[in-house]
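Notes follow once the structure below has been shown.
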Amino acid sequence: MKRKFQQYFWRCALIVFLTLTGCGWGVESAQALLRQHHDSPGILRYHSQVSIKDEKGYAWQVLLFKQNYTSAVKDLRLRLVAFPGVVEIAHPQPLLIETVAGKLLSASDAYALTAPVPNVGEYNLTDILTKLPTTDALKVYVPLSNGQQLVLNISNTVLTEWQWLVTEID
C-alpha cells in the first residue's frame, strides 16, 4: 500500500511540474505591446508601448513610434513620459543608451527648443536603433533638470519588439 501511494505521489508531482512548465512557469513574459492607432481616417499606425519602473519605483510610459510617414526616411522617436510632478527632464540634453557590452550611444532631444511639459521627453532613434543588439537588454539614462541621470532598464523582450516594429511594420 505504501509503495502505491509513493508511485501515485510522484506521478502527481510530475504532472504538476509538466503542467506548470507547459504554462510558462518561470518564463519572463513580454512587457511591451504593439498598438495601432488611427493617424487619420483610413490610416493605421503602430507603436510600441510599455510601462517601466525606474530605480525609485516610479512608472514611466515608454513609446517607440515612427514619424514622418510621408517622407522616404521615417524618423523613429522614443517618447518617455513620467508622472507629472515627479521628475523634470532636462532639455536639450541627449538621451544616453548603454548596451550590455558597454557601448554608449547618444540620441538627440526632439524637444530641444520647446518641450510640451517638463515630465515628457522625446528622442530621435532613427540612426541608433540599427546599432543596438537585438537580444540584449539596455540601460537608458534620462537627463534630469537637477543635473542627475535617471536609469530605465529596457528588457530584451522590449528591444526585440522595437526591432520588429522597425523591420516588419510600415
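The values are calculated or read from the model by the stated rules, or taken from the named source; none is laboratory data. Note that the structure is a prediction, hence the values are computed from the model and not measured. All Cβ positions, glycine included, derive from the backbone under ideal geometry; neighbour counts span all protein chains shown. SASA here: full protein model, heavy atoms, side chains in, ligands and nucleic acids out. Shrake-Rupley method; radii C 1.70, N 1.55, O 1.52, S 1.80 Å.
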| task | Could you tell me the largest-minus-smallest coordinate of the C-alpha atoms of the stretch 58-170 on each of the three principal axes, in descending order and whole angstroms? | result | 37, 35, 22
| query | Ranked from the most accessible area to the least, with a 1.4 Å probe and all protein chains present, what is the order of Lys56, Lys66? | reply | Lys56, Lys66
| From the cross-link list Lys56/Lys139; Lys56/Lys103; Lys66/Lys103; Lys103/Lys139, which pairs have alpha carbons spaced over 21 Å apart? | Lys56/Lys103; Lys66/Lys103
| Got a sec? What order do Glu122, Glu98 fall in by accessible area at 1.4 Å, biggest, i.e. largest, first? | Glu98, Glu122
| request: Rank these by accessible area, largest first, 1.4 Å probe: His91, His47. | output: His91, His47
| So what's the net charge close to His91: Lys and Arg +1, Asp and Glu -1, counting the other residues with Cβ under 13 Å from its Cβ? | -3
